[in-house]
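A short write-up of the structure that comes next.
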Amino acid sequence: MPSRRTFLRQCGLALAASSVLSSVPSWLSSADGFESLRGGIGTFTQRGGTIGWLATDDGLAVVDTQSPNSAPDCWNGLSDRSQGPLSLVINTHHHGDHVGGNGVFAQYTDRFVAHANVPDLMRASADEGAANDQTYPTETFEETWSESLGDETISLHYRGPAHTGGDAIVVFENANIVHVGDLVFNRAYPFIDVDGGADSRGWIESLETIHDTLDDDTILIHGHGNPEFGVTGGREDLLVMRDFLSALNEYVTQQRQAGASLDEMKQTETLKGFEAFDFDWALSLADCIEAVHQEQTAG
Ligand SMILES: [Zn+2]
């Protein structure tokens, strides 16, 4: 059986990455996958992108839904944490390992909020025949969105194409906690979904802008993470991701100027200073190089 990495390369499809990520453990940090941070907010990790949650006496909010297999475990744990209803689900972006469990949560809420580009991106990236089976956002926003639940105010922000063409940054204002979705793969090679509207240059700018709006007390929830570094951290993690994307762009640019072919530039094992990114993980440096090469050579 081919390794995940080989499988991904053989598929050669951007689509494959998000479905492969659905099957990757998100590094269980506690026996039941739940971690509390502060202010009634925490994370749930099992398979796929990190779920964020807010539990108040007035109800629950959930950020991302992983997969149909793990979402029921998340719901079971969450329904013990509040007597209130599930007020809403937020999707940080359209990838299958972040929206795949929407159908499970649809039994408990009819409110799914995401950026305005997410419904079309979900439709475009669905496997053939599956487009009608997905649970789509019921409310979308263009630039910002905000709502209160209990004592907390949740605000959503869009800062242009980055990891995809429809990434929402989720801010829990009072607790000073931010779910950045897949804008941060914490010390792990990221999926750069060029066919899904990604823009690695825009991503770099977004990371800087977000960093400057936060402070040293902000807790970040990352979509994915290296087991050594975890899926939560501080705003400095945004700059590590930025620096990786910058080094990656620079590498591809230099290689192209030197006349290297894509196959030749993909031979490199690591980027200097980012050796920690190289662990047993669904995505490789070669995947990242290919994506940025695709960006740089497009039309
Ligand atoms: Zn993603």
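The values are calculated or read from the model by the stated rules, or taken from the named source; none is laboratory data. In this text, all values refer to a predicted model and were calculated from it rather than measured experimentally. Cβ atoms come from the backbone with ideal geometry, glycine included; neighbour counts cover every protein chain shown. All accessible areas refer to the heavy atoms of the entire protein, side chains included, with ligands and DNA or RNA removed. Shrake-Rupley method; radii C 1.70, N 1.55, O 1.52, S 1.80 Å.
Around Gly273, under 14 Å between beta carbons, what's the net of Lys plus Arg minus Asp minus Glu among the other residues? Walk me through the numbers on the way to the answer.
On the way: positive: Arg187, Arg242, Lys272; negative: Asp243, Glu250, Glu269, Glu275, Asp278.
Result for the local shell: -2.
Rounded, prolate or oblate: pick one for the range 35-174, where a ≥ b ≥ c are the square roots of the eigenvalues of its C-alpha gyration tensor, a/c under 1.5 means rounded, and failing that, prolate if a/b is larger than b/c, else oblate.
oblate
Restricting everything to alpha-carbon atoms, can you work out Rg to Rh for the range 25-88 with a Kirkwood hydrodynamic radius?
Using Cα coordinates only, the ratio equals 0.93.
Using a basic spin-label model with each label point 7 Å from the Cα along Cα→Cβ, how many nm lie between Asn76 and Asp195?
3.6 nm
Can you give the local net charge around Arg111? Use residues other than it whose beta-carbon is closer than 11 angstrom to its beta-carbon, Lys and Arg +1, Asp and Glu -1.
Local charge sum for Arg111: -3.
Can you give the local net charge around Asn186? Use residues other than it whose beta-carbon is closer than 12 angstrom to its beta-carbon, Lys and Arg +1, Asp and Glu -1.
The answer is -3.
How much accessible area per residue does the chain have, counting only protein heavy atoms and a probe of 1.4 Å, in square angstrom? Intermediate results must be reported in sequence, preceding the final value.
Details: 12490 Å² over 299 residues.
Accessible area per residue, the chain: 42 Å².
Subtracting the Cα-Cα distance from 0.36 nm times the residue separation, let me have the gained length for Gln257 to Thr153 in nm, one decimal.
So the chain would gain 32.6 nm between Gln257 and Thr153.
Please compute the modelled spin-label separation between Asp133 and Ser36, points set 7 Å along Cα→Cβ, answer in nm with one decimal.
3.8 nm
Residue by residue through the range 58-63, which ³J(HN,Hα) values in whole Hz follow from phi under the Karplus form 6.51 cos²θ - 1.76 cosθ + 1.60 (θ = phi - 60°), with glycine and proline marked x?
Values per residue, Gly and Pro as x: 8, x, 10, 10, 10, 10 Hz.
If a/c stays under 1.5 just call it rounded; otherwise compare a/b with b/c (prolate if a/b is bigger, oblate if not). Do that for the chain, with a ≥ b ≥ c from the square roots of the Cα gyration tensor eigenvalues.
prolate
Using per-residue counts of other Cβ atoms within 10 Å, averaged over each peptide, order 220-232, 132-144, 196-208, 48-60 from highest down. Spell out each step's value before the answer.
Values: 220-232: 22.3, 132-144: 14.5, 196-208: 20.5, 48-60: 24.2.
The peptides rank, most packed first, as 48-60, 220-232, 196-208, 132-144.
Pull up the DSSP beta bridges for the chain and report the antiparallel fraction as a percent, rounded to 5.
65 percent
Specify whether the C-alpha gyration tensor of the range 182-237 places it in the rounded, prolate or oblate class, a ≥ b ≥ c being the square roots of the eigenvalues: rounded for a/c under 1.5, otherwise prolate if a/b is larger than b/c and oblate if not.
Since a/c reaches 1.5 but b/c is at least a/b, the shape of the range 182-237 is classed as oblate.
How big is the charge dipole of the chain about its Cα centre, in debye rounded to the nearest 20, if each Lys and Arg gets +1 on its Cβ and each Asp and Glu gets -1 on its Cβ? All intermediate terms of the calculation are to be shown ahead of the outcome.
Details: 16 positive and 45 negative charges, 131 e Å.
It works out to roughly 640 debye.
What percentage of the solvent-accessible surface of the range 107-242, computed with a 1.4 Å probe over protein heavy atoms, is contributed by carbon and sulfur atoms?
41 percent
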